[in-house]
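Colleague: Let me begin by handing over the structure; questions about it come next.
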Amino acid sequence: MSQTLRPDISVYQHAISVAGEVFRLTCLLPLQQRFVLTGQLRKSITLVCNRLAVFAGSSSRLHLKRNSELFIPAYAELKTQIKMSQSFGHFKPEELTKLEACLDQILHYCRQNLEHKQN
């Protein structure tokens with residue numbers, strides 16, 4: 001596979017560290033939210049990591065483009081769960097700063113890659 005088709009593997013490694021941050025934050029949720037909201041947040045970050053794993057293994061331009069497109073909904077689902085948690089008062093904005101910055105960096109990288117492949 002051409003090196004220009006393969007994203008930097010550090011993006012996937014970065015997502016794994018973001019997953020650790022999500023798991024850490026979910027331990028701070030109130031007891032009544034630990035089952036439902038914790039499950040949703042952890043499912044969402046798992047989807048993000050899975051998308052990036054497939055994304056990193058893309059072997060053709062078409063496969064890379066498709067996996068890039070599939071990453072966006074997984075990212076959006078996680079961001080929605082985070083915003084809901086914040087609006088319910090479970091997390092303070094400063095607790096989410098690092099997580100959101102990391103997620104936004106991954107999204108930026110994937111969008112750049114997607115735009116690059118479309119040109």
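Colleague: If I filter region 55-67 for residues that are within 16 Å of Ser17 (Cβ to Cβ), surrounded by 15 or more Cβ atoms within 10 Å (Cβ to Cβ) and out of contact with any Cys (no Cβ under 6 Å at 6 or more places or on another chain), do I get at least one hit?
Modeller: yes
Colleague: Does Leu37 count as modelled with pLDDT of 75 or more, assigned to a loop (DSSP other than H, G, I, E, B) and more than 28 Å from Glu115 (Cα to Cα)?
Modeller: no
Colleague: Can you report the number of residues in region 71-101 which are surrounded by 15 or more Cβ atoms within 10 Å (Cβ to Cβ) and not small (Gly, Ala, Ser)?
Modeller: Within region 71-101, residues that are surrounded by 15 or more Cβ atoms within 10 Å (Cβ to Cβ) and not small (Gly, Ala, Ser) number 14.
Colleague: What is the one condition in (1) small (Gly, Ala, Ser); (2) at pLDDT below 85; (3) in contact with a Cys (Cβ under 9 Å, 6 or more places away or on another chain) that Ala19 does not satisfy?
Modeller: (2)
The values are calculated or read from the model by the stated rules, or taken from the named source; none is laboratory data. Model, not experiment: these values are computed from the prediction. Cβ: placed from backbone, ideal geometry, glycine included. Neighbour counts: every protein chain shown.
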